[in-house]
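Colleague: Below you'll find the structure I mean.
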Amino acid sequence: MTAFAESFRRRATGLAGLRELASGILRRMPFKPGETGVASSAAEAFAIGSGVCQDHVHVFLACCRYLGIPARYVSGYVYSPGHAGNHVASHAWAEAWVVDRWRSFDVANDRAAGEDHIKLAIGADYFDASPIRGVRVGGGMESMTAIALVDQAQQ
C-alpha cells in the first residue's frame, strides 16, 4: 500500500491529485460486497483487491496519512435517486484537509460527497465514527431496524 501511495506523492498535495488517488483506489479495489467485514484492516482489504465503502475509505485514509495529509472518516447515509425506490443506504466517505478546508472524497462512488450525502459522524476510522455502537448485556433475542427517509425540498 505504501508503494501505491508513493506513486501519488507529487500530485496528492492538491485537490486534483487526491481525487486521482481516490479514483486509483477504486480501480485497484473495485466495490464488491462480502469480501471484507467491519473488522477488516485497510491492509487486508488492499491485499484482497476489493471491498466496500468503508474499505475504500480506510485505504484512502492510510494513503493520506502516509503522505502526511490530514484525513478523517465520515459515516452517514447516501441517497441514490434513480435506484429502486430512491434508495437510501448507510455509507462512508473520507475528508482530507486541502489548502484551507476539509474536502470530501466518496471513493466508492468516485466523486465528492454532495447534497445526497447525510453526515452522521466524523472520526479517525470506522470505530471512531460508527453510526451504531453499544454493549449488550443479558440473554434473549433482539433485532434492530434503521430507516432513513429523504425528501427533496426547494430552498
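No lab work stands behind these numbers, since they all come straight from the coordinates. Predicted model only: the values in this text are computed from it and were never measured. With ideal geometry, Cβ positions are generated from the backbone for all residues, glycine too; neighbour counts draw on all protein chains shown.
Colleague: Working from Cα positions, state the angle (0 to 90°, nearest 10) between the long axis of helix 53-66 and the longest principal axis of the chain.
Modeller: 30
Colleague: On C-alpha positions alone, give me the angle between the axis of helix 15-28 and the longest principal axis of the chain, in degrees, nearest 10.
Modeller: Orientation of helix 15-28: about 70 degrees from the principal axis.
Colleague: Something else about it: Could you calculate the contour length gain from Glu142 to His87, that is, 0.36 nm times the residue separation minus the distance between their Cα atoms, to one decimal place in nm?
Modeller: Once the chain is fully extended between Glu142 and His87, it gains 17.3 nm.
Colleague: Out of region 1-87, which GluC sites (Glu not before Pro) are coil in DSSP terms and have no more than 16 other C-beta atoms within 10 Å? Before the final figure, lay out the partial values.
Modeller: Values: sites: Glu6, Glu20, Glu35, Glu44; in loops: Glu35.
The qualifying sites: there are none.
Colleague: At 222 nm, what helix-only mean residue ellipticity would the chain give, in deg cm²/dmol to the nearest 500, using -39500 (n - 2.57) for each DSSP H run of four or more? Walk me through the intermediate numbers first.
Modeller: Details: 5 runs with 44 residues, N = 155.
That calculation yields -8000 deg cm²/dmol at 222 nm.
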